[in-house]
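The values are calculated or read from the model by the stated rules, or taken from the named source; none is laboratory data. From a predicted model like this one, the values you see are computed outputs, not experimental measurements. Here the Cβ is made from the backbone with ideal geometry for all residues, glycine too, and neighbour counts use every protein chain on show. For accessibility, only protein heavy atoms count, side chains too; no ligands or nucleic acids. Shrake-Rupley method; radii C 1.70, N 1.55, O 1.52, S 1.80 Å.
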Amino acid sequence: MANVLILGAHGHIAQLAEKQLLKETTHHLTLFLRNAKRLTITQPDRETVIDGDAANTADLAKALKGIDIVYANLAGSNIEAQAKAVVAAMDQAGVKRLIWISTLGIYDEVPGAFGQWNHQMLDGGYLETYAAAAKVIENSNLAYTIIRPAWLSNKDVVSYETTEKGEPFKGTEVSRKSIADLVVKLINDPSQAVGHSLGVNQPHTDGPKPSFY
């Protein structure tokens, strides 16, 4: 049994992971988000909700008491500031294991026509800010895993493969359910993929863009 802190707990993938963790494990979950009233708790004996700002080191440090693993499902234009706050708070609390959701394309690793399309769609500094945040995590002393999902679908399917940093990204899309499943696997075996940055896609989805575009 582990004490897991989920940052950005209102996110779609975070909620899918939460459901799976409650169903398949005995872990205790601390759900951290802005405006905590948005979440409905189903198992109060196993879930604690904390209202806080992920860019605020003090808010994070309070939430990290007694925590074994942090899963960060964060987003926004201030993602680099959030990464810095998470690293600082985890260092302060002596918590090492971090699972960090990023995005595809931060290393310019997406090849061909899809790579060009992806860059076009995520123009305007989006990739640069997410790349900067990933660099903060990679330069830390944390036992991190960075997850770089392909374009996300709400398909009711768990089917995925991974690529490593330095390898060309595969496929164009992946279900949120698949990303949640990978997060749960890493929480259940925290020794897996430490120091890795994993591209995640559904097999056989190669093409110039995702099927839903």
Legend entry - Point-to-point label distance, Asn3-His204, nm (Cα→Cβ direction, 7 Å offset): 4.5 nm
Legend entry - Distance histogram for region 129-175 (every C-alpha pair counted, 10 angstrom bins, percent rounded to whole numbers): 21, 45, 30, 4
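So how strong a dipole does the chain carry about its Cα centre when Lys and Arg Cβ are +1 and Asp and Glu Cβ are -1, to the nearest 20 debye?
Numbers: 20 positive and 23 negative charges, 91 e Å.
So the magnitude is around 440 debye.
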Inset, instruction - Among His28, Ser197, Val184, flag the residue with its Cα farthest along the positive direction of the charge dipole of the chain, charges on Cβ as +1 for Lys/Arg and -1 for Asp/Glu. - result: His28
Legend entry - Accessible surface, per residue, of the chain when the full set of protein chains is kept, probe 1.4 Å, Å²: 45 Å²
Legend entry - Accessible surface of Phe212 - all protein chains present, 1.4 Å probe, nearest 10 Å²: 90 Å²
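Which value, to two decimals, describes the C-alpha radius of gyration of region 96-212 once divided by 2.2 N^0.38 Å? Please report the intermediate quantities before stating the final value.
On the way: Rg = 13.6 Å, N = 117, 2.2 N^0.38 = 13.4 Å.
Taking N as the residue count of region 96-212, the ratio is 1.02.
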Inset, instruction - Leaving ligands, DNA and RNA out of it, work out the accessible area of Arg34 with a 1.4 Å probe and give it in Å² to the nearest 10. - result: 140 Å²
Legend entry - Nearby aspartates and glutamates by direct alpha-carbon distance to Lys170 (threshold 17 angstrom, same-chain neighbours under 8 apart not counted): Asp108, Glu109, Glu161, Asp206
Legend entry - Given Lys37/Lys155; Lys19/Lys185; Lys19/Lys84; Lys84/Lys185; Lys37/Lys185; Lys37/Lys65, the pairs whose alpha carbons are separated by over 18 Å: Lys37/Lys155; Lys19/Lys84; Lys84/Lys185; Lys37/Lys185; Lys37/Lys65
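In deg cm²/dmol and to the nearest 500, what is the mean residue ellipticity at 222 nm of the chain if only DSSP H runs of at least 4 residues count, each as -39500 (n - 2.57), divided by the residue total? Write out the running numbers ahead of the final one.
Working: 6 runs with 71 residues, N = 213.
Counting only the DSSP helices, I get -10500 deg cm²/dmol.
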Legend entry - Where the Cα pairs of the chain fall when distances are cut into 5 Å bins, in %: 1, 7, 16, 20, 21, 17, 10, 5, 2, 0
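Can you send over the carbon and sulfur percentage of the accessible area for region 88-190, probe radius 1.4 Å, protein chains only? Each step should come with its number before you reach the end.
Details: 2090 of 4350 Å².
Carbon and sulfur: 48 percent of the exposed surface of region 88-190.
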Legend entry - Antiparallel bridge percentage (DSSP; both residues within the chain; nearest 5): 10 percent
Legend entry - region 144-213, Rg to Rh (Cα coordinates; Rh as Kirkwood inverse mean 1/r): 0.97
Inset, instruction - Report relative contact order for region 80-207 in percent, whole number only (criteria: Cα-Cα under 8 Å, sequence separation at least 6). - result: 30 percent
Inset, instruction - State the answer as a single residue: which of Phe212, Ala131, Ile41 lies farthest towards the positive end of the charge dipole of the chain, with beta carbon charges of +1 for Lys and Arg and -1 for Asp and Glu, about the Cα centre. - result: Ile41
